[in-house]
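One structure is given below, encoded as structure tokens.
The values are calculated or read from the model by the stated rules, or taken from the named source; none is laboratory data. Keep in mind that this is a model prediction, so the values were computed, not measured. Cβ atoms come from the backbone with ideal geometry, glycine included; neighbour counts cover every protein chain shown.
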Amino acid sequence: MNTIETEVDVLVIGGGTAGPMAAVKAKQANPALRVLLLEKANVKRSGAISMGMDGLNNAVIPGHATPEQYVREITIANDGIVNQKTVMAYATQSFAMIEELDRWGVKFEKDETGDYAVKKVHHMGSYVLPMPEGHDIKKVLYRQLKRTRVEITNRLVATRLLTGPDGRIAGAMAFDCRTADFHVIRAKSVVLACGAAGRLGLPSSGYLFGTYENPTNAGDGYSMAYHAGAELSGIECFQINPLIKDYNGPACAYVTGPFGGYTTNAEGQRFIECDYWSGQMMWEFYQELQGGKGPVFLKLDHLAEETISTIETILHTNERPSRGRFHAGRGTDYRERLVEMHISEIGLCSGHSASGVWVDEHARTTVPGLHSAGDMACVPHNYMLGAFVYGRLAGESSAAWCAEHDFAPVDADQVERERQRVWAPLQREHGLPPNQVEFKLRRFVNDHLQPPKVTRKMEIGLERFEGIREDLDHLKARDAHELMRAMEVHAIRDCAEMAARASLYRTESRWGLYHARIDYPERNDTDWFCHAQLKKDDQGRMTSFKRAIEPYLVPIAETERNAYRELRIAVPA
Amino acid sequence: MQYAPIAFTPHAVPVSVDADKCIAHKGCTVCVDVCPLDVLAIDLSKGTAYMKFDECWYCMPCEKDCPTGAVTVEIPYLLR
């Protein structure tokens, strides 16, 4: 096993959605920069959109929505806890990004006049733009990477960031998941775009890799940002999604809603006014599952044959193409049977909810020279288009940083400690198998952290996670591939501890099911109308603290504030 | 002390490769390259691709991108 040292100007970690965009934009901002895109899998098919995407969930398109409307909608959907500046930066740049992607060859649905065919799924405004032919999006990105001459390296697993004596970023360390070679990459600026912490909860099937998020996104980015001293935010605002029971994709109301599909309970009644994924919507969904009117279904059997075949074409070729195969195995034909739904395992993902690394409106984290974008960067409900917009911002900010800063010195001790930590599981003769430690850890996550959250259960959970911390020193990897799984267990454990501590810190309930606390059932705006942050302090302890919410750019009227709390369809008395 | 399990032999894995269609012996590694979890490998003695690690996300790039249609992804048994 060798140690390989490299030096670049901008290092982008994560080649999924935000990462390629960041790399392209850094290179476009200054073609002289050496930009390296480091990917754990293979950039051609990596990340959350490896098989494409069937639509934009948050397109802000002139004539259909304004940035102000969008900022208002997300502020209300996220129960007021947003830094509006970051959401506004997204909203104002969303349309230009759509136009650029369109020029690059991404296909969006248009009506007969050539206008974008925007649909309404949210509670208030219209932001959903279908992409029935969205399966090529990774190819489009790859072409741009080649055109701008971004350097790419695949199958490298980044494990820790390097920081200089003044705390600013100095690079990152990684290992090759096929050879176990250790890489030290010096960089002036780093972009973290490692996706969600998708392997946190265990799916109810018990299958480790049956997660909603691409399981390659194991929370490595959250862990790296934390250990580098970056501030994280809203970790207690979990990601929980309504999915097909036993399958890891949505049924999917976003795609089928505009065609006439809808969510029902077992009595065939609608119970939610709006299918947009918010914490409150998940709360209503959970109540229906638990309250005797479950299970919950997606109903399509009333639709015309041609409508159903269109839906099948979209849902069975895009984003989650094995969905059709799953339905066939269970004998589910949309024409005859409702699609049974259930709720997913928990995860951390700002693309869907709000948990992530704290960033400003230029994608800058609190660590100088470190930027973040995509699912792991805290810009609530940012989805794929948000990953592209913040990828662009992160790339441009990185290029600007490089113009003014030289390399930070590399601390040899940091490198040596990390090399020992990474290689240790290969060097042990006997030890614990990574998949067993992962299974146990994630089962504890379910047992102790799955909402509704209970204080005492979460406290015991923290003790269990401490127990797993000791087990990390006994992980045994038989080869470089298993070493990747072993190091992922480290990251998952960090995320589990963050999820528990952040949830204990916020002593109120907010965001519906995402942070429903049995012991503190009410929303408490007096004490908790603020961001709850988390970071590693100077003594290496995980600490929580409050950050005030910046004055809103778009005021929220008293009459609108609770719009997302009134999702349940009123039953006539 | 015994460390290796003796009773655990996976017989059915989600990804199967048709040996007659697979052209790994000609240098093709497409399915191995595109897998996000890096679970496929080439069996050098047989010259075909196979599922080396049972960690499938059933996402299907391996099947879609295979130039000869040799790869089939099934939903893992636990989820079927």
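Scanning segment A:430-457 for residues that are among the aliphatic types (A, V, I, L, M) and part of a helix (DSSP H, G or I), we see that the one that is nearest to B:Glu55 (Cα to Cα) is A:Val437. Put simply, of A:Asp406, A:Asp413 the only residue that is outside any helix (DSSP H, G or I) and within 28 Å of A:Asp537 (Cα to Cα) is A:Asp406.
For segment A:549-571, a residue qualifies if it is exposed (fewer than 13 other Cβ atoms within 10 Å of the Cβ) and either assigned by TED's automatic domain parsing to the domain that holds A:Ala225 or over 25 Å from A:Leu513 (Cα atoms) (or both), and the qualifying residues are A:Glu550, A:Pro551, A:Pro555. Checked against (1) buried (at least 22 other Cβ atoms within 10 Å of the Cβ); (2) out of contact with any helix residue (DSSP H, G or I) (no Cβ under 9 Å at 6 or more places or on another chain); (3) hydroxyl-bearing (Ser, Thr, Tyr), A:Thr159 passes all but a single condition, namely (2).
A:Ala477 satisfies every condition listed in (1) within 14 Å of another protein chain (Cβ to nearest Cβ); (2) under 24 Å from the mean Cα position of the chain (by Cα) except (2). Among the conditions (1) surrounded by fewer than 22 Cβ atoms within 10 Å (Cβ to Cβ); (2) in contact with a strand residue (DSSP E or B) (Cβ under 6 Å, 6 or more places away or on another chain); (3) of a type outside the set (A, V, I, L, M, F, W, C); (4) within 14 Å of chain B (Cβ to nearest Cβ), A:Gly206 misses just one, which is (2). Scanning segment A:380-403 for residues that are touching a helix residue (DSSP H, G or I) at 6+ places or on another chain (Cβ under 7 Å), of a type in the set (S, T, N, Q) and part of a helix (DSSP H, G or I) turns up just one, A:Ser398. A search for C-beta distances below 8 Å between a residue of segment A:246-261 that is more than 14 Å from chain B (Cβ to nearest Cβ) and farther than 22 Å from A:Asn214 by Cβ and any residue that is hydroxyl-bearing (Ser, Thr, Tyr) and assigned to a helix (DSSP H, G or I), counting only pairs 6+ apart in sequence or on different chains, returns A:Phe259/A:Thr307; A:Phe259/A:Thr310; A:Gly260/A:Thr307.
Give the residues of segment A:185-198 that are in a strand (DSSP E or B) and buried (at least 21 other Cβ atoms within 10 Å of the Cβ), sorted by residue number.
Restricting attention to segment A:185-198, the residues satisfying the condition of being in a strand (DSSP E or B) are A:185-192, A:197.
If the condition is that a residue be in a strand (DSSP E or B) and buried (at least 21 other Cβ atoms within 10 Å of the Cβ), then A:Ile185, A:Ala187, A:Lys188, A:Ser189, A:Val190, A:Val191, A:Leu192, A:Ala197 are the ones that fit.
Select from segment A:493-533 the residues that are within 24 Å of A:Pro215 (Cα to Cα) and either surrounded by fewer than 24 Cβ atoms within 10 Å (Cβ to Cβ) or of a type outside the set (A, V, I, L, M) (or both) and list them in ascending order.
Those that are within 24 Å of A:Pro215 (Cα to Cα) and either surrounded by fewer than 24 Cβ atoms within 10 Å (Cβ to Cβ) or of a type outside the set (A, V, I, L, M) (or both): A:Arg493, A:Asp494, A:Cys495, A:Glu497, A:Arg501, A:Ser503, A:Tyr514, A:His515.
A:Val140 falls short of the stated requirement of being over 25 Å from A:Ala218 (Cα atoms) and either modelled with pLDDT under 95 or not assigned by TED's automatic domain parsing to the domain that holds A:Ser398 (or both). Within segment A:263-295, the set of residues being within 12 Å of A:His342 (Cβ to Cβ) and either assigned to a loop (DSSP other than H, G, I, E, B) or of a type in the set (Asp, Glu) (or both) comprises A:Glu288, A:Gly294, A:Pro295.
Table: residues versus (1) touching a residue at least 60 places away in the same chain (Cβ under 8 Å); (2) in contact with a helix residue (DSSP H, G or I) (Cβ under 8 Å, 6 or more places away or on another chain); (3) part of a helix (DSSP H, G or I); (4) not small (Gly, Ala, Ser).
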residue: A:Phe326; (1), (2), (3), (4): yes, yes, yes, yes
residue: A:Asp333; (1), (2), (3), (4): no, yes, no, yes
residue: A:His342; (1), (2), (3), (4): yes, yes, no, yes
residue: A:Val359; (1), (2), (3), (4): yes, yes, no, yes
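Looking only at residues in segment A:315-325 that are surrounded by 21 or more Cβ atoms within 10 Å (Cβ to Cβ) and of a type outside the set (D, E, K, R), the one that is modelled with the lowest pLDDT is A:Asn318. When every residue of segment A:219-240 is checked against the conditions, none turns out to be within 14 Å of chain B (Cβ to nearest Cβ), at negative phi and of a type in the set (A, V, I, L, M, F, W, C).
Looking only at residues in segment A:167-184 that are crowded, with 24+ Cβ neighbours inside 10 Å and in contact with a Pro (Cβ under 8 Å, 6 or more places away or on another chain), the one that is farthest from the other protein chains (Cβ to nearest Cβ) is A:Ala170.
A:Met53 meets all of the listed conditions (1) in contact with a helix residue (DSSP H, G or I) (Cβ under 9 Å, 6 or more places away or on another chain); (2) hydrophobic (A, V, I, L, M, F, W, C); (3) more than 14 Å from chain B (Cβ to nearest Cβ) but one, namely (3).
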